[in-house]
Amino acid sequence: MLKGHNDVVNCLLQCGDVLWSGSDDMTMKLWNIQTGECMQTIETESYIRSLCVWREHIISGGFLDEVEVILLFVYGVKWNFCR
């Protein structure tokens, strides 16, 4: 079991050995699937409702005051495992 979010987890995305999770606590977390360790927490300004891969990008969709917010994170070579 992966513990770390402070609110409902709305979405998951697997990229290689990393699992991304998005939550109503306005964070995305990156988990090592093998160890269950949280490798990184990314704070956002919106509830995270969806995650997808596009080329070398992770795109998250959320809602902030009824307006959809799309956040684009580029991690370059470090995160190319998503291809």
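Which numbered condition in (1) crowded, with 17+ Cβ neighbours inside 10 Å; (2) at pLDDT 85 or above; (3) within 14 Å of Leu19 (Cβ to Cβ) is the only one that Cys82 fails?
(2) is the only condition that Cys82 fails.
Counting just the residues of the range 1-58 that are in contact with a Ser or Thr (Cβ under 9 Å, 6 or more places away or on another chain) and basic (Lys, Arg), which one comes out surrounded by the most Cβ atoms within 10 Å (Cβ to Cβ)?
Of everything passing the filter in the range 1-58, Lys29 is surrounded by the most Cβ atoms within 10 Å (Cβ to Cβ).
Select from the range 33-64 the residues that are of a type in the set (Asp, Glu) and closer than 16 Å to Ser23 by Cα and write down the one among them that is modelled with the highest pLDDT.
Among those residues, the one meeting the criterion is Glu43.
Looking at the range 10-31, which of the residues that are among the acidic types (Asp, Glu) and farther than 11 Å from Gly62 by Cβ is farthest from the chain's Cα centre (by Cα)?
Among those residues, the one meeting the criterion is Asp17.
The values are calculated or read from the model by the stated rules, or taken from the named source; none is laboratory data. The structure presented is a predicted model; accordingly, all values stated were derived computationally and were not measured. With ideal geometry, Cβ positions are generated from the backbone for all residues, glycine too; neighbour counts draw on all protein chains shown.
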